[in-house]
Every structure is written in C-alpha cells, then in structure tokens.
Amino acid sequence: MITQIKGRIVEKNPTNVVVDCNGLGYLLNISLNTYAALPADENVLLYTHLTIREDAHILYGFSNKTEREIFRLLISVSGVGPSIARTMLSSMSSEEIQQAIASENVKLIQSVKGIGAKTAQRVIIDLKEKILKTFDIDEVSFAENNTNKEEALSALEVLGFARKQSDKIVAGILKESPSATVEELIKKALKNL
C-alpha cells in the first residue's frame, strides 16, 4: 500500500524514525543499517513495508530496495516475524545475509538473537533459491570464499581477537579482493585490527 515516504526527519532513533511528509508524521521502524545510512541533513527517502495486524498497522523503513526485499523474503519464512527480520538486518548487512543464505551458513544466521537452529535451517531451505535467482549470486564463489573466511576467522580468534570485530574486517577485505587466500586474509586483517 505505502511503498515509499519522502520527507523531513523530525525524530531519529536507532530503532525508529519519524518522517514529516506534508505535515503528516509517519513513524517507521528501522534497522541499525538504515539508521547508519540516514543522511545528515533532514530530507530523506525511505522505502517502506506496511504490516497490518489485528491490533496495529506498522510501517518499516529501509534505506534501499535491496534491504526491503531481504526483509520481505525473511518474513515469508514460517517462524520469522517482522521484529526478528529487523533484528537480523540490524545484526548483518543485506549482502552478509545474502551470502549467509547462499553459502548455507547456519551458524551465522543462528547467531542472530531470536533465531534457533531449526529456524536458521528453514530460512536457508526456503530462501536459498530465491536469493540466488533474485540477486543473481554465483553459488560457487560464496562457498569458496566462505571456507577461506571461516578459516581466517578461526585463526584470528585463536590469536585472541574478537570474532565479531574480525568478521567485519575480513568481510571488508573480501569485498576488495574476493579471491584472497586464507593467509592473505589473516595478514591484511592483522594490519587493521
């Protein structure tokens, strides 16, 4: 029904934002990634998804269409509601979620608060084909990078670095050079940690 809202930010919090659109204020629930992407100036365009429940009409806002599409795919899975989908989008970027599903990384999906082993497996089973088709992802490249990434993260963990911090840095390195070996990943990560 409501697909996007363009207006002036009146209120901004990590979990929601109020956008004034011609005198009408819309409360949109947002992820931390959308919060980080909100512009410094007050004018904003957010893509939306409207959830209608028996007791409420809830608007969710997204900084880009990809994040909204991932949200819609996630809530289509049995056991994943809008709040868990938003938590997932706050914990990981849209690209990280796509990679986790494409490479069948149950551990990473399960690391999101509110998602158990069965739900994580259901997310992968229900969405893998859709993710591969919708976002035109090459399944082989993710599987290969994922093993290199996992090995590098394990090595960094043994060296005493926090996995969450290491994960972000290694993911950044893989974006720049997707074919990096485990050794290259570790060396580059150590320079940035």
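The values are calculated or read from the model by the stated rules, or taken from the named source; none is laboratory data. As the structure is a prediction and not an experimental result, all values here were calculated from the model. No Cβ is skipped: glycine too gets one built from the backbone with ideal geometry, and neighbour counts run over all protein chains shown. Accessible surface areas use protein heavy atoms only, side chains included; no ligands, DNA or RNA. Shrake-Rupley method; radii C 1.70, N 1.55, O 1.52, S 1.80 Å.
Yes/no matrix, rows are residues, columns are (1) of a type in the set (Ser, Thr, Tyr); (2) modelled with pLDDT of 85 or more:
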| site | (1), (2) |
| --- | --- |
| Glu104 | no, yes |
| Glu129 | no, yes |
| Asn148 | no, no |
| Ser166 | yes, yes |
| Gly172 | no, no |
| Asn192 | no, no |
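Listed by position, the helices (runs of 4 or more DSSP H) contained in the range 74-193 that have at least 1 residues being open to solvent by 40 Å² or more (accessible area, probe 1.4 Å) and under 30 Å from Ile58 (Cα atoms) are 82-91, 94-102, 106-110, 117-134. Taken together, the residues in the range 36-58 that are open to solvent by 90 Å² or more (accessible area, probe 1.4 Å) and touching a residue at least 24 places away in the same chain (Cβ under 8 Å) amount to 2.
Taken residue by residue, the range 27-37 has at least one member that is over 22 Å from Thr119 (Cβ atoms), assigned to a strand (DSSP E or B) and not hydroxyl-bearing (Ser, Thr, Tyr).
One residue stands out in the range 1-22 among those that are outside any strand (DSSP E or B) and either open to solvent by 70 Å² or more (accessible area, probe 1.4 Å) or touching a strand residue (DSSP E or B) at 6+ places or on another chain (Cβ under 8 Å) (or both): the one that is nearest to Ala40 (Cα to Cα), namely Thr15. Residue pairs whose Cβ atoms lie under 6 Å apart, separated by 6 or more positions or on different chains, with the first residue in the range 1-15 and free of Cβ contacts under 8 Å to residues at least 60 places away in the same chain and the second aromatic (Phe, Trp, Tyr) and open to solvent by less than 50 Å² (accessible area, probe 1.4 Å), are Gln4/Tyr47.
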